[in-house]
Amino acid sequence: MNISNFLRKLQLIALVGCIGHASALDVAEVFSFTCIHCFNVEPQVEALAKQPKVNYIPVPLYDQSNINEVAVINAYFAAKDLGKEWTFRQAYFSAVFSQGLPAYQPETLKYTLQSSGLNNAQFYKLASSTKVNKEVQYAVNLAIKYAATGTPTFIVNGARSYEGEDAIQQIYTDYR
């Protein structure tokens, strides 16, 4: 572990401790499965999202006219509903940025589903359900509302926006 990674972990530990004592925070993350910066901050995002006083709201950006992108986003929300959100995200980001698979292509989604243990009837039924469609539409509405111009972008309590790989550290500074 290099000094930079060590310092990030210390900041994250401090953030987790701080947020644990603060009132609840709504933290929406506008992200893309094609964004290297989103991939880089993924461990910090997961740790933040798992804090009891944080209401994490995922807002994936994608092209709604591209059926492959729609399939990935529906799969993501189905995985989330099955308790495998972080397994899915880790597998998908890894497929794109570590394995070199093309984002939003059927083979990448297939790889992700297999490696996440989601290639089953329960998953496919949920992925095409009204419930998941409503979750996807809610995320689309938030993306429009927030009008984020880059990823990752974090919106705290529906108002304050933070962008980039150091956004979580900035949130820590402002909400300690």
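The values are calculated or read from the model by the stated rules, or taken from the named source; none is laboratory data. Just so we're clear, the structure is a prediction, and the values are computed from it rather than from any experiment. Heads up, the Cβs are rebuilt from the backbone with ideal geometry, glycines too, and the neighbour counts pull from every protein chain shown. What goes into the accessible areas is simple: the full protein's heavy atoms, side chains included, and nothing from ligands, DNA or RNA. Shrake-Rupley method; radii C 1.70, N 1.55, O 1.52, S 1.80 Å.
For region 53-67, in order, what is each residue's ³J(HN,Hα) by Karplus, 6.51 cos²θ - 1.76 cosθ + 1.60 with θ = phi - 60°, in whole Hz (x at glycine and Pro)?
9, 10, 9, 7, 10, x, 10, x, 9, 6, 8, 5, 8, 9, 4
How far apart, in nanometres, would the label points at Gln64 and Asn133 be if each is projected 7 angstrom from Cα along the Cα-to-Cβ direction?
That separation, rounded to one decimal, is 1.4 nm.
Using a cut-off of under 14 Å, list every residue of region 88-104 whose amide N is near the label point 7 Å from the Cα of His37 along the Cα-to-beta-carbon line.
None, by backbone N distance to the label point.
Just to be sure I understand: of the beta bridges DSSP finds with both ends in the chain, what percent are antiparallel, rounded to 5? Walk me through the numbers on the way to the answer.
On the way: 8 of 15 bridges.
Counting only bridges with both partners in the chain, antiparallel ones make up about 55 percent.
Find the all-direction average of the projected area of the Cα convex hull for region 106-176, expressing the result in square nanometres with one decimal place. It would help to have the intermediate numbers written out before the result.
Numbers: hull surface 27.9 nm².
Mean shadow area of the hull around the Cα atoms is 7.0 nm².
If each residue of separation counts as 0.36 nm, what is the full-extension length gain between Ala121 and Ser94 once their alpha-carbon separation is subtracted? Display every interim value, and only then the final one.
Values: separation 27, 0.36 × 27 = 9.72 nm, distance 2.42 nm.
Length gained, Ala121 through Ser94: 7.3 nm.
Past the 22 angstrom mark, what percentage of all C-alpha to C-alpha distances in the chain do you count? Could the numbers behind the result be given before it?
Values: 6871 of 15400 pairs.
Looking at the chain, the distances longer than 22 Å represent 45 percent of pairs.
Using a probe radius of 1.4 Å on heavy atoms only, what accessible surface per residue do you get for region 134-176? Whole Å² is fine. All intermediate terms of the calculation are to be shown ahead of the outcome.
Details: 2310 Å² over 43 residues.
For region 134-176, the per-residue accessible area is 54 Å².
With charges only on Cβ, +1 for K and R and -1 for D and E, what is the dipole size of the chain about its Cα centre, in debye, rounded to 20? Don't skip to the end; give the middle numbers.
Working: 14 positive and 14 negative charges, 89 e Å.
Using only the charged Cβ atoms, the result is roughly 420 debye.
Before anything else, pin down the relative contact order of region 29-165: Cα pairs under 8 Å, at least 6 apart, normalised by residue count, whole percent. Before the final figure, lay out the partial values.
On the way: 151 pairs, mean separation 46.7, N = 137.
Value for region 29-165: 34 percent.
Considering only protein heavy atoms and a 1.4 Å probe, what is the carbon-and-sulfur percentage of the accessible area of region 62-130? Kindly include the intermediate steps, with their values, before the conclusion.
Working: 1610 of 3340 Å².
Its accessible area is 48 percent carbon and sulfur atoms.
Using a Cα distance threshold of under 26 Å, what count of lysine pairs results for region 19-176 when pairs must be 8 or more residues apart or interchain?
Within region 19-176, the lysine pair count is 25.
R0 = 35 Å: FRET efficiency of Thr149 with Ala24, Cβ-based, nearest 0.05?
Numbers: r = 27 Å, r/R0 = 0.78.
Using R0 = 35 Å, I get an efficiency of 0.80.
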